[in-house]
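Just below is one structure, and these are the notes that go with it.
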Amino acid sequence: METVNIGPDCSTATGIAKFIRDRVKEIKAEVTSLGRQRAIDELIRIEHAIEVDIDKMIDDMYAENQERARQQAIHLQDAGLTVREVKDRYEF
């Protein structure tokens, strides 16, 4: 069973901006002084979260693209056509 990470969606510009805004608010609300290393650590965690979500999004897009191509090939086969025949019809 795959573990589901429930957290901010960092696969869109809006999600990234919201994640950063929320994190900045949380850090500002802390009473203690963060120090330079803590700020760097926070930025590294944010960068990692963004990269993970973007990688997931790219993987999902690739899988969807592969499925669309497979479905198109099935439809062409059902129609008795090949991809080459369709391309030849529409080349100018």
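Details
- Sub-6 Å Cβ pairs linking a first residue in the stretch 9-37 that is of a type in the set (F, W, Y) to a second residue that is outside any helix (DSSP H, G or I) and at pLDDT below 75, at least 6 apart or interchain, are F19/P8; F19/C10, ordered by first then second residue.
- Lone qualifier among I74, I58, I46 - being touching a Lys or Arg at 6+ places or on another chain (Cβ under 8 Å) and among the aliphatic types (A, V, I, L, M): I46
- Residue match in the stretch 47-68 (condition: in a helix (DSSP H, G or I), loosely packed, with under 13 Cβ neighbours inside 10 Å and at pLDDT below 80): no
- Of all residues in the stretch 42-62, those that are under 14 Å from I16 (Cα atoms) have Cβ atoms under 6 Å from Cβ atoms of residues that are surrounded by 14 or more Cβ atoms within 10 Å (Cβ to Cβ), 6 or more apart or on another chain, in A49/C10; I50/C10; I50/I16; D53/C10; D53/S11; I54/S11; M57/S11.
The values are calculated or read from the model by the stated rules, or taken from the named source; none is laboratory data. What you see is a predicted model; the values in this text were computed from it and never measured. Glycine also receives a Cβ, built like all others from the backbone with ideal geometry; neighbour counts cover every protein chain displayed.
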